[in-house]
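Please treat every number below as a calculation from the coordinates, not as lab data. None of these values were measured; they are calculated from a predicted model. Don't worry about glycine lacking a Cβ; one is built from the backbone with ideal geometry, like all the others, and counts go over all protein chains shown.
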Amino acid sequence: MAELDTSGGGKHKGGKVRSKKQSTRVDLTAMVDLAFLLITFFIMTTTLAKPKAMDLTMPDKDDKTKDQLAVKASSSLTLLLGSNDKLEWYLGEAGKSAPTIIGYGPNDLRKLLVEKKADIEKATGKPMIVLIKPSSKSNYKNVVAILDEMNIVNVQSYAIVDILPIEVTDLQKNGLYNDTK
Amino acid sequence: MARIKVPRKSTAIDMTAMCDVAFLLLTFFIMTAKVRTEDPVPIDMPKSSIQQPIPENDFATISVGSQKAFFGIEGVNIRKQTLIQMGELYKTTFTPDELNRFSTITSIGVPFNQMHQFIALSADDQKKYNKPGIPRDSVSNELFNWIREARKATVALDNAQLRIAIKGDSKEEYPVIKDVINILQKQKVNKFSLITNLGSGGGAAPKK
């Protein structure tokens, strides 16, 4: 493979005696082979899509309640995460108003969040507080999806809180409390 | 008689450009590469639009999948120090050889009483070993202790706070995740990360 190019350089000024010019070309085949082998190796052994870290701050679980403020009912939106990739939402206090079933799609959840955020800010002048209540039948993906929506819609105050029994009953009533597996 | 010269074309192709491209790609891959760490259980990370990369050091991961929890710490020295401290807690000692072998394990998934036995296995056997996950019950509290000792070790060695992330499987039911979060909150770790993949998840559309 590694032949020498003996054709000489391009220009030789009419001289009859051709001095043999040594070619400076190196055969690169082996080098390319090696490079591609290494590339293949690196593609195989590495992860290109680096995982991302979503920061989450949980409410302090201190038993002392003295420095905890009650959430204003008028500015709170509660999301109940059920099974089958569905959730329920209601405004204000539990049991006062019937929750509405909604999906996770951008036309459902995000629209709702944007609307309610504007409504609440207009009505009370306070930022909306979202209470996320994952039920035992919801899965992790849903929790992450909700938190992601919070970032997208730019909701500043949200918290993951435990679900109340009355809310579980409601999920059961609406058939969103099934085992997924 | 004039001889007719048949120009002989060389079959050699100029490889310079190809070589350039190959090495450029190679450099790119080496720069961006992070060795893939095998998950002890198949974990399909949920997707989100978060762009923040995970930190490189002072970082621990709690992998949750198939109802089991695994604990992994970044950094060889912190791993060793954590094991020493865990040994003190559970009244057992590890030889320097065992510590070295332990420092290559990326994710811990066996109860502490099986640790000696697990370390002694070869890397291949460790992969095959039926790992039950770290017990999370309040009686043995092993996951709690692992996390606490890892945090202590990070403070002692690097003088930094250990950052903890939960790497959960999409299909994992919430109570298991809640369990892990409760363990973290019990030691006043209220801020941690959830590891996600970039993409549109949970039926959400990509960002506008």
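Quick notes
- Net charge of Cβ neighbours under 10 Å - reference B:PRO111; Lys, Arg +1; Asp, Glu -1: 0
- Separation in nanometres of the label points that stand 7 Å from Cα toward Cβ, at A:GLN172 and B:ALA17: 7.2 nm
- Remark: the B:LYS128-B:ASP44 segment gains 28.2 nm on full extension, using 0.36 nm per residue and subtracting the alpha carbon distance.
- Partners for B:LYS127 among aspartates and glutamates (Cα-Cα distance below 12 Å; same-chain residues under 8 apart left out): B:GLU38, B:ASP39
- Net charge of Cβ neighbours under 15 Å - reference B:ALA156; Lys, Arg +1; Asp, Glu -1: +1
- Per-residue shielding of B:165-175, expressed as the average number of other chain Cβ atoms within 10 Å of the residue Cβ, stands at 6.
- Computed from point charges on the beta carbon alone (+1 for Lys and Arg, -1 for Asp and Glu), the dipole magnitude for region B:47-198 about its Cα centre is near 340 Debye.
- R0 of 30 Å, Cβ-Cβ distance A:ILE43-B:LYS171: FRET efficiency to nearest 0.05: 0.60
- Shape descriptor for region B:90-168: Rg over Rh equals 0.96 (Cα atoms; Rh from the Kirkwood inverse mean 1/r).
- Trypsin sites (Lys or Arg not before Pro) restricted to region B:47-137 and DSSP loop, no more than 15 other C-beta within 10 Å: B:LYS91
- Legend: residue pairs B:LYS91/B:LYS178; A:LYS126/B:LYS167; A:LYS141/A:LYS173, Cα-Cα distance threshold 28 Å; pairs beyond threshold, B:LYS91/B:LYS178; A:LYS126/B:LYS167.
- The loop-placed chymotrypsin sites (Phe, Trp or Tyr not before Pro) in region B:90-146, going by DSSP, that have at most 14 neighbouring Cβ atoms within 10 Å of their Cβ come out as B:TYR90.
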